[in-house]
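Colleague: Below you'll find the structure I mean.
The numbers here are math on the coordinates, done by the rules we state, and not lab data. Values in this document were obtained by computation on a predicted structure and should not be read as measured data. For neighbour counting, all protein chains shown are included, and Cβ atoms are generated from backbone atoms with ideal geometry for every residue, glycine included.
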Amino acid sequence: MSAPSSCLSCAQNAEEPPRRPEHWIASDDHWRVSHAIGAAVAGWLVLVPRRHVVTIADLTDEEAASLGTWQIRLSRALHTVTGCAKTYVAQFAELAGFEHVHFHVVPRAAGLPHHFQGPRVFRLLGKPDQPSVTPAEVTRISAALHSYLHSPLPPATS
Ligand SMILES: [Zn+2]
């Protein structure tokens with residue numbers, strides 16, 4: 001499928017170099033990691049394929065092969081950088097203009113109120129009635145995640 005000009009993920013995929021560091025926290029040949037827009041949670045990440053795909057079933061075997069690794073790498077990075085208790089992973093791609101497949105990887109803080117836990121965490125994304133993270137904080141945490149993800153891998157623990 002060709003990329004529609006209205007697709008934000010494709011526009012960010014085409015940025016060379018990225019317009020903002022939080023648009024391109026990390027990547028490989030198949031995936032790019034950015035910070036979510038309008039999130040009230042610092043470190044709310046979005047993992048997007050480097051080509052326009054609107055359903056998970058259309059991901060290639062090569063894209064699928066690194067998907068799980070990315071989800072775990074990003075979760076480990078979020079634990080280290082944000083001190084979260086766990087991470088949530090979700091994929092819907094339903095909003096107009098956001099049909100490009102994107103996996104949300106959300107740091108869930110230990111103290112997150114119960115009414116924001118589980119799927120209700122999406123009350124903290126793109127909602128004008130919730131204070132979003134400041135641009136400076138998005139830039140700061142994106143840089144910290146970038147540094148973590150580009151550091152040499154720590155030795156495996158057993
Ligand atoms: Zn796209």
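Colleague: Can you compute the helix-only [θ] at 222 nm over the chain? Use -39500 (n - 2.57) per DSSP H run of at least 4 residues, normalise by all residues, nearest 500 deg cm²/dmol.
Modeller: So the calculated ellipticity at 222 nm is -9000 deg cm²/dmol.
Colleague: If you don't mind, another one. Which value, in debye to the nearest 20, describes the size of the charge dipole of the chain about its Cα centre when Lys and Arg Cβ atoms bear +1, Asp and Glu Cβ atoms bear -1, and nothing else is charged?
Modeller: Here the chain has a charge dipole of around 600 debye.
Colleague: From the convex hull of the Cα coordinates of the chain, what is the mean projected area in square nanometres?
Modeller: Averaged projected area of the chain's Cα convex hull equals 10.2 nm².
Colleague: Hey, with R₀ at 22 Å, roughly what FRET efficiency would Ser5 and Asp61 work out to, going by the Cβ-Cβ distance, to 0.05?
Modeller: 0.15
Colleague: Sticking with this one: Name the longest site-free stretch of the chain, where the excluded sites are GluC sites (Glu not before Pro) in a DSSP loop with no more than 15 other beta-carbon atoms within 10 Å.
Modeller: Maximal segment without exposed cleavage sites: 16-93.
Colleague: Going by amide H atoms built from the backbone, whose H comes under 5 Å of the H on Arg32, apart from near neighbours?
Modeller: Val48, Arg50
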